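The structure appears right after this line, and notes come after that.
Quick note: the coordinates plus some simple rules give every number you see, no bench work behind them. Source: prediction; values computed, not measured. Neighbour counts run over all protein chains shown; Cβ positions are idealised from the backbone, glycine included.
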Amino acid sequence: MISSDFSLARSIASLRRQQAHLFRQANLIGVHTDLFARHLYLQEYQKLVAALDRLLRLRVRFSHSRLEAACQRASFYGSSSFDTLTLILRHRLDRLPLSPQSDIFGQLFLDFQDE
């Protein structure tokens with residue numbers, strides 16, 4: 001999995017504290033530095049919202065259940081790439097079983113033992 005609910009919540013809280021700290025630091029430098037920092041933040045936040053919208057639009061094309069299964073598969077194998085998620089959906093990899101003995105594409109690993 002990518003992250004547990006608890007560690008994800010902790011990561012988000014940590015990012016929010018860091019963001020507040022950085023905005024305070026920018027404000028201490030000056031009003032224009034603060035304003036510039038907030039513009040940078042807004043630009044990145046808009047990219048994030050667009051990426052989330054792109055993710056959720058996949059449910060229209062593939063269905064809620066397939067999107068959920070694809071997200072589960074990507075998480076299980078440690079991927080948070082949108083390209084990987086769409087590849088899983090296009091190639092119907094979301095229908096394959098999850099296994100630590102295979103990769104995200106369903107390829108089984110062969111465990112060769114030295115004799």
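Annotations
- Low-density loop cleavage sites - trypsin sites (Lys or Arg not before Pro) in segment 55-94, where at most 14 other Cβ are within 10 Å (DSSP): R92
- Distance (nanometres) between label positions extended 7 Å along Cα→Cβ at R54 and S11: 1.8 nm
- Computed magnitude of the charge dipole of the chain (debye, nearest 20; Cβ of K, R +1, Cβ of D, E -1): 760 debye
- Computed magnitude of the charge dipole of segment 50-105 (debye, nearest 20; Cβ of K, R +1, Cβ of D, E -1): 260 debye
- Here the chain was treated as a single set of alpha-carbon atoms; its pair distances binned every 10 Å from 0 give 12, 29, 26, 19, 11, 3, 1 percent.
- Along its first, second and third principal axes, ordered by size, segment 1-56 spans 42, 25, 10 Å in Cα coordinates.
- Farthest toward positive dipole pole in the chain [+1 Lys/Arg, -1 Asp/Glu at C-beta], among L67, S80, T33: T33
- Segment 97-106 - phi-based ³J(HN,Hα) in whole Hz, Karplus 6.51/-1.76/1.60, Gly and Pro as x: x, 8, 8, x, 8, 10, 9, 4, 8, x
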